[in-house]
Every structure is written in structure tokens, then in C-alpha cells.
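Each remark here refers to the structure printed beneath this line.
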Amino acid sequence: MTVNPEGARVDYAVAVRLVFRYDRRLRIAAGSSEAAAAKGRIGPLLMKTGIAAAVIVAVGIWLSLTGEKLAAATGWGESFVGSLFLATATSLPEAVVSIGALRLGRADMAVSNLLGSNLFNMLTIALCDLLYRPGALLASVSPAGIMSGLTAIVMTGIVITALVYRAGTKSSLRIGAEAVALGFVYLLGGYFLFVLSSR
């Protein structure tokens, strides 16, 4: 199985453009004055974002080396360690950003941040395929990688269904049924991934 890097880049660019145009229409329709007030602060904000991104890149490189040693020391398999431990660690900044957005009352930004991250991660597969010299990247991944992909697809489907139908109700535990389903699928997928990776 091979990746078409050019097609992935085009799809990503089109998706980003559509999201940008939709968000701009919403701001215009709402007559938001916040965007105009923030224009003077764009320079410092971009600089802070760049510094934070550089730190994340440096720590990410160190984290991948640590993950390799962890997989070798425990025998859990690279797929399991990468899908759960490394993925959780690298997703913490996104979780913090989304929680911060929720504290500001920006539910749309919080969810869009997480979904947009998944979008960029798919593009990263195409970029990694360009850098992987031994051959096609996905052809070199163990069958356990299929479980990661299937789990991600099912969880994404749950989120999309919830966004389309917008039930808007929570259980007595103050959590929506879709959140319970996401947690269940994640744990179940992690279990099967562990079993496959440990063989």
C-alpha cells in the first residue's frame, strides 16, 4: 500500500481553504469586532507560537528516541507504544489548547483544534513517505497498525455522527453518549492493539 504525497497535500490544502472561508463567513455574519482588535497583536502572537512550536519539535525528536527504547525494553511492540504512549504524549499540547479554548467558551475552536490536528496528521503520513528511503512507508508497517487505523476511523465516525445529529443531551453523569462511546472504543482498540503488538 502506497501513499500519494501530492494528492494528500492537495486534499489538505483544499480542506484548510474551505475551513478558512467558512470561518470567515461566520465572523462576517456575526459582525465580530474581536478580530479587528486583535490585528495589532498578530506579530507578537506569531512569535510566541513559533517559539512554542520549536520547543515541541525538539522535545518530539527526543520523545521518539525514548519511545523506541521503551518498546525494546518492555517488548510491547512499536505499534502499541507509538499508538498509545507516544500519541498520548504528543497530543497533550492539543488537549491543553482545547481545554483552554473551552475555558474561554470557544467550543467550536476546541473541537476544530482536535479535528484539524487529525487532518494534519494524515498529511504527515504523506510527508513521512517522502522521507522513508527503504520503500513504501505503509507497506513497512506491521499488521497491528491496521488496528490503530480502524480504531481512529470508528472514533472519527462517532464524532461526525454526533456533529451531524447534535443530540445535545447528557446523561446523569454529565457526559454525552458519544463521549462514553469514544472512551469505550479507545480502550477496546488499545487492548486489541496490545494483543497484536505483543505477538
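Read the figures in this text as sums done on the coordinates, not as results from a lab. The structure displayed is predicted, hence computed values, not measured ones. Cβ sites come from the backbone with ideal geometry, for glycine too, and all protein chains shown count toward neighbours.
Under the combined filter of DSSP loop state and at most 15 neighbouring Cβ atoms within 10 Å, the range 60-167 retains these trypsin sites (Lys or Arg not before Pro): R106, R166. Length gained on full extension, I125 to W62: 20.7 nm, using 0.36 nm per residue less the C-alpha separation.
Pop the C-beta distance of I175 and N118 into the FRET formula with R0 = 22 Å and round what comes out to the nearest 0.05. Present the calculation step by step, with values, prior to reporting the outcome.
Numbers: r = 21 Å, r/R0 = 0.97.
After rounding to 0.05, the efficiency reads 0.55.
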